[in-house]
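Only one structure is covered here, and it is reproduced in the block below.
The values are calculated or read from the model by the stated rules, or taken from the named source; none is laboratory data. These numbers come from a predicted model, not from an experiment. Glycine gets a Cβ as well: all are built from the backbone with ideal geometry, and neighbour counts include every protein chain shown. We work out accessible area using only protein heavy atoms, side chains counted, and drop any ligands, DNA or RNA first. Shrake-Rupley method; radii C 1.70, N 1.55, O 1.52, S 1.80 Å.
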Amino acid sequence: MGNLPTLVVENVKLDKLINISNTYGLTIYLPTKMIGNIKLVAIYYKPPVILLSYSDREVMDYRYDNISVEISAWPCTPPSLDELNFSVKNSTGSKVFNINSARGILIEQAPWGDPELQKLYGPSPFAYFWIEDHYYMISATPPINGSQLLEIIRSMRSLKG
């Protein structure tokens, strides 16, 4: 087996994120309101993914924060509202939302892909959505609920350099 390249995730500051967005002509949307004392504690960048970690305490691993927002820097064509509605037609606990410039699907009680997190938190609110031509995912740990997650999405505004 040959040597595999090391995949590096860079922990960046907000000014570096602004530079990245300006360099690549990206319009990145960030939450402007959070619940309680939750604040931005880390930004991770591994092209083409940007991950924002929000917490009300110090965390060394984003998997244990309160809220994670993942953004794909690759442009993509968002589905129509009709396509989103069709995709949730036969599912319970999922609903389509169209808030400001964000449209997507909220899953009130989503399972975690990680067995450790599933055991720790149980089903939790999760949403995936598109703003303009970029894909976003947002997850939260209890006691944050789906309505609060939608309020955070509602507060998202473009990051300006």
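Here are some notes:
- Among the residues of segment 52-86, the one identified as without any contact (Cβ under 8 Å) to a residue 24 or more places away in the chain and in contact with a helix residue (DSSP H, G or I) (Cβ under 6 Å, 6 or more places away or on another chain) is S53.
- On the stretch given as segment 104-115, residues that are surrounded by fewer than 18 Cβ atoms within 10 Å (Cβ to Cβ) and touching a residue at least 12 places away in the same chain (Cβ under 8 Å) total 4.
- Residue list for segment 50-79, restricted to those being among the β-branched types (V, I, T) and surrounded by fewer than 15 Cβ atoms within 10 Å (Cβ to Cβ): T77
- Scanning segment 133-144 for residues that are surrounded by 15 or more Cβ atoms within 10 Å (Cβ to Cβ) and part of a loop (DSSP other than H, G, I, E, B) yields a total of 2.
- Annotation: of all residues in segment 80-103 being under 17 Å from Y135 (Cα atoms) and among the β-branched types (V, I, T), the one that is least open to solvent (accessible area, probe 1.4 Å) is I99.
- Test: residue in segment 91-99 that is within 26 Å of I18 (Cβ to Cβ) and in a strand (DSSP E or B): yes
- Y44 satisfies every condition listed in (1) in a strand (DSSP E or B); (2) buried (at least 17 other Cβ atoms within 10 Å of the Cβ) except (2).
- Restricting E151, E70, E58 to residues that are out of contact with any Asp or Glu (no Cβ under 7 Å at 6 or more places or on another chain), of a type in the set (D, E), under 28 Å from I18 (Cα atoms) and part of a helix (DSSP H, G or I) narrows the list to E151.
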